[in-house]
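For reference, the structure is listed below as structure tokens.
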């Protein structure tokens, strides 16, 4: 097995670095220059503009310019705000309207960083380097997306909707580094962003609160909050779209804890369960709709015995073990341990059992379980 991370094996390749102004992409630039390469730097602008925006775009660009000046590199700002709002925000709003929980980070990588950017500029380059924590692994003549050495920072789930061709063109210099190593390199190299805090996700809302953002596009509509175990009305809400499966905070209910366990989209009803130990907030089975395989299809077909895997159902610092099987409706994942708050619309990311290779991901849906024979039905049981 051969691993390609920061080291580029082919001379005279044209390399673009997607730089954000943060410490990770700053260190990526530094490492490539240290290896003798002269990459072009690109800052992708996707945030909102105007007086209500607290997005750090201006500061980001200043730090990117400082990095470019230090290493005498070309820097270009690529404005993809229109594409981001049409493709990513549009996707998010549609998913929320359907009662699902979207993941804009995943779709930003697929549709913007390796979509719109590729269409405008990226196609001119042999390799695209980013500050994502992951690895590019060559095995048996094929290129795979590999898990980062740092399990806390691993971001393969954010990249799991990319194609094998896109993965093969990536350089991920941070894949074999722990976060503290990245910080140390930045400080020792006196990078301008060395002491900057990590970002907490994509900044596209600025000062706008997420609920205010949803309110602007979807409005408000009062509905009932019902205790699913007693069928008793315990409160009201301003629209099911403000709530997601597994949510505990922001419900405005007394005598908690309460957890959102189900939503009826047609009737605008949010169902909750009470108590830390309620089993209604947990599940062990979910489906993957339209599973996207990165390098090649999963080595399992309908009728085969379940395949042992590891997986994630959200961006967390640990993996869970389970099995995946193929039936007439697609892929069905069974976890060995209960999972809290499986939210339809999020992406389930599938890995080998050794937690080394990322196979790909698909949008989560939940089957009803037939109590008579413990087999899944096709309907979702948390969103109606």
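At-a-glance table
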{"item": "Kirkwood Rh in Å, taken over the stretch 2-188 so that all alpha-carbon pairs contribute", "result": "17.2 Å"}
{"item": "Virtual paramagnetic centre 7 Å along Cα→Cβ of residue 76, amide N under 19 Å, in the stretch 110-125", "result": "112-125"}
{"item": "Residues 170, 178, sorted so that the one with the fewest Cβ neighbours within 10 Å comes first", "result": "178, 170"}
{"item": "Order of 45, 216 - criterion: other Cβ atoms within 10 Å of each residue's Cβ, fewest first", "result": "216, 45"}
{"item": "The chain: most fluctuating residue of 15, 112, 300 per GNM, C-alpha cutoff 10 Å", "result": "300"}
{"item": "Gaussian network model of the chain, Cα within-10 Å springs - most flexible of 131, 348, 328", "result": "328"}
{"item": "Helix 57-71 axis, angle to the chain major axis (alpha carbon atoms, nearest 10°)", "result": "30 degrees"}
{"item": "Antiparallel DSSP beta bridges within the stretch 280-376, percent to nearest 5", "result": "95 percent"}
{"item": "DSSP bridge orientation in the chain - percent antiparallel, rounded to nearest 5", "result": "75 percent"}
{"item": "Where only alpha carbons of the stretch 280-376 are counted, the Rg and the Dmax (Å)", "result": "12.5, 39"}
{"item": "Nearest-ten-degree value, helix 23-34 long axis tilted from longest Cα axis of the chain", "result": "30 degrees"}
{"item": "Rg ratio (alpha-carbon, reference 2.2 N^0.38 Å) - the stretch 81-179", "result": "1.16"}
{"item": "Tilt relative to the chain, helix 179-188 - C-alpha long axis, 0 to 90 degrees, to 10", "result": "30 degrees"}
{"item": "Helix-derived mean residue ellipticity, 222 nm - over the chain, DSSP H n ≥ 4, -39500 (n - 2.57), to 500", "result": "-5000 deg cm²/dmol"}
{"item": "Area projected by the alpha carbon convex hull of the stretch 220-277, averaged over all directions, nm²", "result": "3.6 nm²"}
{"item": "Shape of the chain, Cα gyration tensor, a/c cut at 1.5", "result": "oblate"}
{"item": "Extended-chain gain in nm, criterion 0.36 nm per residue less alpha-carbon gap, residue 327 and residue 163", "result": "56.6 nm"}
{"item": "Candidates 134, 250, 99: whichever shows maximal mean-square fluctuation once the chain is modelled as a Gaussian network with Cα springs under 10 Å", "result": "250"}
{"item": "Order of 335, 20 under a 10 Å beta carbon neighbour criterion, fewest first", "result": "335, 20"}
{"item": "Antiparallel bridges, percent of DSSP beta bridges restricted to the stretch 2-188 (to nearest 5)", "result": "40 percent"}
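Laboratory data are not the source of any read-out in this text; all were calculated from the coordinates shown. Because the structure is predicted, anything quoted here is derived from the model rather than measured. In this analysis, Cβ positions are derived from the backbone assuming ideal geometry, glycine residues included, and neighbour counts consider all displayed protein chains.
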